[in-house]
Every structure is written in structure tokens, then in C-alpha cells.
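The values are calculated or read from the model by the stated rules, or taken from the named source; none is laboratory data. Predicted model only: the values in this text are computed from it and were never measured. With ideal geometry, Cβ positions are generated from the backbone for all residues, glycine too; neighbour counts draw on all protein chains shown.
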Amino acid sequence: MEWTFAGQGPVGMSLCPRFCHCPLHGLHPAVRVEKSMASETPNPPEGSTILLHENSAQRLVIVIPPGGRRGRALGWFAVFWLLITTAIACGFFFAEKPGGKQLILLTLFFGAFYAVGVGMIVAWFRMRFTQVMLAVQPNLLSIQRSLAGRKKFTELELGEGAHAQLEESYEQNNEPVYRVAVYGVNDRKECFGTALEVAEKEWLVTVINQFLNWDGGLYGEEALARAASIETNSILQDGISDLEEHSSITQRPPELCPEDLPPDSRVRIDSFDAHDLAISYPVAVPLIFRAIGTPFLAFFCVFWYGVVGTMAVGILKSQELNLFTIAMLAFLSIFVIVGLMPLGMLLALWFGRVTIRVNRDKLTGGVGVGWFRKRLSVSTDSVTDIGIGSAITLNPKESGDRRRPSATKSRGVILDSTERKIPLTFSDDDTFNNEVAGLVRYQLELLGARLKEPQRFAVDESD
């Protein structure tokens, strides 16, 4: 295994942190990793940009480039937050034209919201553009963080019992987001990697603990399990890959030709031929969610577009049509686009459908309505099994004790592949599950996929 740098490579002019004090791109173009250690260390997850620079008995060096999906999500949320704050603030300042104490109070009020938004932008910037270099030695952890040309260096003394684990950093949509924590002497710790994917964080914990000869688990006492809360009939939530180790197929219905689908089935055949199958079914939203969500989202959409429309009319009436007016209207169009998000959620409550398309290249699932749809796909060649089973969803906070996560079983159709496991339905209706699983199995086998043999009854897992 070799590491190579070419000129101003991905690490640029970063210095090797207190190892040899030379630029990384100035190292020998082929720095070998010790075979004795490298042969036992797993490679970084597929698609990861993490670089394993050195792995020997004396030192472990890892480079974590900037970026990460979590960082992008936080950035978009911050923009959304600031846009909403700006829209409401403009309504107060331009419509009411406050003065004196009222102006001061409104400025302080909206200033607090802007402070929160700016704080999220700063956090996003740090997560998005900070490069981290780790050097683990038997008695010392060295971390160099580089951001906008500035470098920060920290050290952690390691001793007996030093180890790495995943611990909760913050919550996003009521789900924990984890970071890598390395514990050293006197329970001191250094944390990093919040913006990385779960698989990348687990890989970092694994290789660091392997170097430190620690055989503990991935998660600490306060993070015994990953949260993978999946909403009813949603096959496309970001945490869906967390079900991989907690899902089991116990029944494999036989294939079902689309022409044999009963006319009263909830499943609809949108298109079908030898190379492509597209099916869909309505999202089963509980009545309580519709009763609560509909008036809230409807009020929000009316208020949002009412404010935007009022501002647009005010601009058109108060000024002549010129370049400045066009620029202001173009700016308002951003708020029109942002408002499409709650509008899409409102439409999905009543008209949302789950779509599944299978062709020679990939299997794609989507949930939503029209253009307001979220999608997830796996390559057709990676599919290994499909059937009915129970997906276990871990809820660490439900019991009120972070150390005692509870589990909820959701029955439905599960698609298994070498890339991930995907729940295609969440339903206790066996007839409905048999139809979805049978249709997808039929098309996969038609395309030449090698699946486990269908079986109507529960599989005896003791065999």
C-alpha cells in the first residue's frame, strides 16, 4: 500500500504536525505503510475521502479533508432560517415603519434570530472547510486543524485504557448526530469528525482502537445504539442505513407478474415492460398527523406567500419597472422557492405516494408528490434478497434514559443489497406486502438478478 502526493495535492502545504515539520507534499512520493499493520487494518469506507497516510507499529497518521453531508445540511438550514427571519422582519420594518423605542425593540428581537442564523453559518463554515490531521502514537494523540490558512494544534496524553468511541454531539430532527471522541489520561478527551458519515466515524474508531489495542465497542455508555427513527412508509430518510444490522427477512413471497395484480390492490402499475417496472402506492399517513399538520402547514403557507405577495405588490406600486425593481423581485423569488418546501409537505399529507422503479441499472424509491419527492437508489446488480420481515428501529431517548435505548419493530417489505438495506413498506397488511415484494422480485428476476429462493413461511433461523 502506497501513499502519494503530487504537487499541491489534497493536503496542500499543511505541515506534518510535530512529526518532521516538513510540508506533506514535500515527502517522498511513495511513503509505504508498514505491511504488518496495514494488512490487518480495514480500508476507509467506499466513497470516503479520508486518507490513511501512515499505519505502523509506532504511529498512525490520518488526514480528514474538509466537507461532509452533515455540514451541507446545517448550511442549508441556516440559509433557510435567515430567509424566514428576513421575510418576517421586512414585513414589520417596511409595512409598519416603526420608530423610537419600537424600532429598538424590533431590532433587538430580530437581532437575536439573526445571531442564531449567523452562528449556524459559522458552524457550517468550520465543518465544511476545516481539514483535520490525526497522529496517534502509543502515548500521544496529536491533532492539527487547518481553516482558512490558520492552524490549531492540540495534544492529548494517552495512557492505559486510552480508546476512541462515538458519542452524541447534538441532535438533528430529534436524532442524535455522533462525533469521534478519543479518551486519554485523567478522562481528558479530544473530539472531531462530527460532519463525517456514520460509516467513516465507525472506521476511525475501529482503526484508532486497533492501534491502541482496545477491544471495546464503537459506542460509549451514553450512545449504546444509533438512532434510526423512520417515519411511517418513509423509505428515504437519511438514517435508513442504520437499519442494516437490525433488519431480518423472515418470509419471501413468490414473484408476482404485474398482469396478475388484483384490480382492487392498493398498488398501482405505472409502467411495465421487459426492461423497466414502475409501481406506486399511497402513503398511509395517520389521521392524527393530517389533523394536526394540515391546518399548521396551510396557515404557514398562506402567511408566507401572503407576506411575499404583499412585498412584491408594494415594490411594483412604489417604483417604476427598472433594473432595481427587477433585482428586488428576483430576490423575492428566493422566498417563493423556499415556501415550496412546506407546500410540498402539505400536499404529501393528502396526495403523497411511494414510487418504486426497477430497471437494468438501478432500483429507485421515492416518496412525496409530483416534483416534491425525495429519492434513494441502489444498483440492481447489488440486490441480493427481498422479502417480508421486521426492521428494528432504535429509540435511545424514548425511555427517558440515554443508557437504555428502546426498540420498535416495524413489519414490512425489506430489500437487501450489498450497498444497504431499504424498507420498501411499513405495513402489517400481508396481502399488500406480498404484492409489493412479489412485483419487485418478478422484475429483478426478469433482469437476471440472483435472489434467495422465495418461501411463504417463516425461515427457521436456527438452521
Query raised in the report: Looking at this structure, is T130 exposed (fewer than 13 other Cβ atoms within 10 Å of the Cβ) and in contact (Cβ under 8 Å) with a residue 24 or more places away in the chain?
Result: no
Query raised in the report: Somewhere in region 319-340, is a residue outside any helix (DSSP H, G or I) and of a type in the set (S, T, Y)?
Result: no
Report summary line: If we ask which residues in region 246-272 are of a type in the set (D, E, K, R), surrounded by fewer than 17 Cβ atoms within 10 Å (Cβ to Cβ) and assigned to a loop (DSSP other than H, G, I, E, B), their number turns out to be 2
Report task. Out of L363, L394, report the one residue that is at negative phi, in contact with a helix residue (DSSP H, G or I) (Cβ under 8 Å, 6 or more places away or on another chain), assigned to a strand (DSSP E or B) and at pLDDT 90 or above. Result -> L363
Requested in this report: Scan region 201-224 residue by residue and report those that are at pLDDT below 85 and closer than 25 Å to E46 by Cβ.
Outcome: G217, L218, Y219, A223
**Report entry** Flag for Y170 being closer than 19 Å to E155 by Cα, hydroxyl-bearing (S, T, Y) and free of Cβ contacts under 8 Å to residues at least 60 places away in the same chain
**Finding:** no
**Report entry** Residue count, region 273-299 (criterion: part of a helix (DSSP H, G or I) and surrounded by fewer than 16 Cβ atoms within 10 Å (Cβ to Cβ))
**Finding:** 11
Query raised in the report: Looking at (1) surrounded by 14 or more Cβ atoms within 10 Å (Cβ to Cβ); (2) among the β-branched types (V, I, T); (3) more than 30 Å from R450 (Cβ to Cβ), can you tell me which one I326 breaks?
Result: (1)
Requested in this report: For region 452-461, indicate whether the set of residues that are in a strand (DSSP E or B) and either more than 22 Å from the chain's Cα centre (by Cα) or at pLDDT below 90 (or both) is non-empty.
Outcome: yes
Query raised in the report: Within region 141-154, is there a residue that is under 30 Å from L83 (Cβ atoms), surrounded by fewer than 17 Cβ atoms within 10 Å (Cβ to Cβ), without any contact (Cβ under 8 Å) to a residue 60 or more places away in the chain and among the aliphatic types (A, V, I, L, M)?
Result: yes
Query raised in the report: Is one or more of the residues making up region 349-356 touching a helix residue (DSSP H, G or I) at 6+ places or on another chain (Cβ under 6 Å) and surrounded by 12 or more Cβ atoms within 10 Å (Cβ to Cβ)?
Result: yes
